[in-house]
Amino acid sequence: MSENTQNLKQLPLGDWHRGLGARMVPFAGYEMPVQYEGVMAEHIWTRTEAGLFDVSHMGQLQLIGEGAADALERITPGNLSALAPGKIRYTLLLAEDGGILDDLMVTNTGHHLYLVVNGATKHDDIAYMRAQLPESITLNHLEDAALLALQGPKAAAALARLGIDPAEPDWPLPTDLYFMEAGSFLWRGIPLGISRSGYTGEDGFEISVPAEYAETLAAALVELDEVHPIGLGARDSLRLEAGLPLYGHDVTAETLPVEANLSFALSKVRREEGNFAGAARVLAQYPDKAGRKRVGLFVDGRQPVREGAVVIDADGKTIGKVTSGGFSPTLQRPIAMAYVPINLSESGTAITIEQRGKKIACTVADMPFVQHHYYRKSKP
């Protein structure tokens with residue numbers, strides 16, 4: 001929060017947030033709402049009702065051209081060429097040495113690939129992709145689009161009340177989408193891209209909308225009794241409970257996928273092909289040969305441990321670090337994520353954290369800390 005406020009970019013909904021009494025803070029180069037009525041209340045509201053998040057700082061990109069998926073696979077380990085229209089895949093943008101430059105969502109719209117990348121890294125991501133992808137692939141940065149996330153157990157009911165229609169024949173209604181599916185829609189003549197996804201662990205949707213119509217859509221949503229505007233503070237506590245890493249904190253360019261506990265992003269066919277950036281270094285750790293691992297921690301007592309606290313051994317030597325931490329409103333206890341030596345990564349293992357000279361007892365915990373509530377298609 002030390003960014004110079006004079007140099008911060010403004011969200012399309014910046015004035016709308018202020019009008020609702022939001023406390024605005026610097027984040028990823030933007031002035032963004034951190035809370036409205038309080039992090040705890042907003043967190044609990046999202047878990048029980050429906051919260052509306054403004055995530056317009058994220059980068060929305062299009063990759064257009066024949067072979068776009070194959071080209072993107074050169075710098076990601078996901079099986080993107082097999083992605084069917086309307087489907088979404090989480091993947092990792094990898095440097096030449098296999099380090100994680102970003103994590104992202106890739107959607108096959110049926111016409112092109114649509115990518116959502118992190119706000120703090122989006123310009124570096126764009127430069128890297130343009131340097132790595134062939135000239136035949138067009139990369140468009142959708143700078144005139146806002147992105148809203150409607151999250152919570154009542155998100156689908158709220159969205160249904162707006163009367164949104166499919167924009168193309170044979171597309172389902174947005175509320176008929178399953179987790180990690182997406183489509184094109186129309187609301188009052190406004191084009192919307194809607195995916196059933198999010199970063200809270202709850203059921204929900206992300207809605208791409210032209211920036212000029214973002215306030216109209218946001219206002220219509222918060223007019224509904226079950227929808228409240230929610231700030232960055234609760235988004236962070238929700239994603240921590242969901243065991244989801246935050247790029248730049250839990251994952252960086254110095255991190256490899258296996259040690260980051262993101263092996264699921266290494267698809268089997270791509271592992272067998274081994275033809276993505278940094279594959280030799282990445283696969284040398286697969287499946288269980290990393291020297292360290294990102295784990296969840298239950299923290300004893302009531303005092304949260306924060307990013308930067310260190311994991312120590314019996315002699316007080318630093319052997320790991322905390323990358324995220326906070327108080328869990330759902331569990332009513334402190335939780336954290338940390339990198340620990342692989343021999344200490346099993347659930348139930350006792351860990352000692354040192355923070356500001358104080359030793360704190362912790363226990364390795366399974367993630368997610370709070371069960372995900374995604375709307376998945378039932379298996380036959």
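Key figures
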read-out: All positions within segment 163-190 that are under 19 Å from H111 (Cβ atoms), at pLDDT 95 or above and aromatic (F, W, Y); value: F185
read-out: Residue match in segment 170-188 (condition: more than 19 Å from T216 (Cβ to Cβ), acidic (D, E), in contact with a strand residue (DSSP E or B) (Cβ under 8 Å, 6 or more places away or on another chain) and surrounded by fewer than 16 Cβ atoms within 10 Å (Cβ to Cβ)); value: no
read-out: Filter result for L113 (aliphatic (A, V, I, L, M), under 21 Å from the mean Cα position of the chain (by Cα) and farther than 25 Å from E212 by Cβ); value: no
read-out: Scope segment 298-345; condition among the charged types (D, E, K, R) and farther than 17 Å from P245 by Cβ; matching residues; value: D300, R302, D313, D315, K317, R333
read-out: Subset of segment 322-332 [assigned to a strand (DSSP E or B), of a type in the set (S, T, N, Q) and touching a Lys or Arg at 6+ places or on another chain (Cβ under 9 Å)]; value: T323, S324
read-out: Some residue of segment 38-52 being within 15 Å of D225 (Cα to Cα), in a loop (DSSP other than H, G, I, E, B) and in contact (Cβ under 8 Å) with a residue 12 or more places away in the chain; value: yes
read-out: Flag if P12 is part of a loop (DSSP other than H, G, I, E, B), more than 20 Å from the chain's Cα centre (by Cα) and more than 30 Å from R333 (Cβ to Cβ); value: yes
read-out: Residue identified as modelled with pLDDT of 95 or more and over 14 Å from the mean Cα position of the chain (by Cα) among S263, S237, S195; value: S263
read-out: Residue satisfying all of: in segment 46-72; touching a strand residue (DSSP E or B) at 6+ places or on another chain (Cβ under 9 Å) and acidic (D, E); nearest to S136 (Cα to Cα) among these; value: D54
read-out: Flag if R89 is modelled with pLDDT of 95 or more and touching a Gly at 6+ places or on another chain (Cβ under 7 Å); value: yes
read-out: Residues (free of Cβ contacts under 8 Å to residues at least 24 places away in the same chain, more than 22 Å from V258 (Cα to Cα) and of a type in the set (S, T, N, Q)) located in segment 317-369; value: Q332
read-out: Boolean, A290 is in contact with a strand residue (DSSP E or B) (Cβ under 8 Å, 6 or more places away or on another chain) and either touching a residue at least 40 places away in the same chain (Cβ under 8 Å) or small (G, A, S) (or both); value: no
read-out: Index of the failed condition, E254 passing every other in (1) touching a Ser or Thr at 6+ places or on another chain (Cβ under 7 Å); (2) assigned to a loop (DSSP other than H, G, I, E, B); value: (1)
read-out: Residue match in segment 163-171 (condition: more than 14 Å from I75 (Cβ to Cβ), outside the structural domain of L224 (by TED's automatic domain parsing) and not polar (S, T, N, Q)); value: no
read-out: Which listed residue is among the small types (G, A, S) and assigned to a loop (DSSP other than H, G, I, E, B), from A260, A280; value: A260
read-out: Subset of segment 16-27 that is buried (at least 18 other Cβ atoms within 10 Å of the Cβ) and among the aliphatic types (A, V, I, L, M) - its residue that is nearest to T216 (Cα to Cα); value: A22
read-out: Residue in segment 29-42 that is among the aliphatic types (A, V, I, L, M), closer than 30 Å to H111 by Cα, in contact with a helix residue (DSSP H, G or I) (Cβ under 9 Å, 6 or more places away or on another chain) and buried (at least 18 other Cβ atoms within 10 Å of the Cβ) present; value: no
read-out: Any chance G204 is surrounded by fewer than 23 Cβ atoms within 10 Å (Cβ to Cβ) and either at pLDDT 95 or above or more than 28 Å from L192 (Cβ to Cβ) (or both); value: no
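Per-residue answers, yes or no, for (1) more than 19 Å from E73 (Cβ to Cβ); (2) in contact with a strand residue (DSSP E or B) (Cβ under 7 Å, 6 or more places away or on another chain); (3) buried (at least 21 other Cβ atoms within 10 Å of the Cβ):
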{"residue": "T216", "(1), (2), (3)": "yes, no, no"}
{"residue": "R235", "(1), (2), (3)": "yes, yes, yes"}
{"residue": "L238", "(1), (2), (3)": "yes, no, yes"}
{"residue": "V251", "(1), (2), (3)": "yes, yes, yes"}
{"residue": "A260", "(1), (2), (3)": "yes, yes, yes"}
{"residue": "F264", "(1), (2), (3)": "no, no, no"}
{"residue": "K268", "(1), (2), (3)": "no, no, no"}
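The values are calculated or read from the model by the stated rules, or taken from the named source; none is laboratory data. Since we're looking at a predicted model, the values are computed, not measured. In this analysis, Cβ positions are derived from the backbone assuming ideal geometry, glycine residues included, and neighbour counts consider all displayed protein chains.
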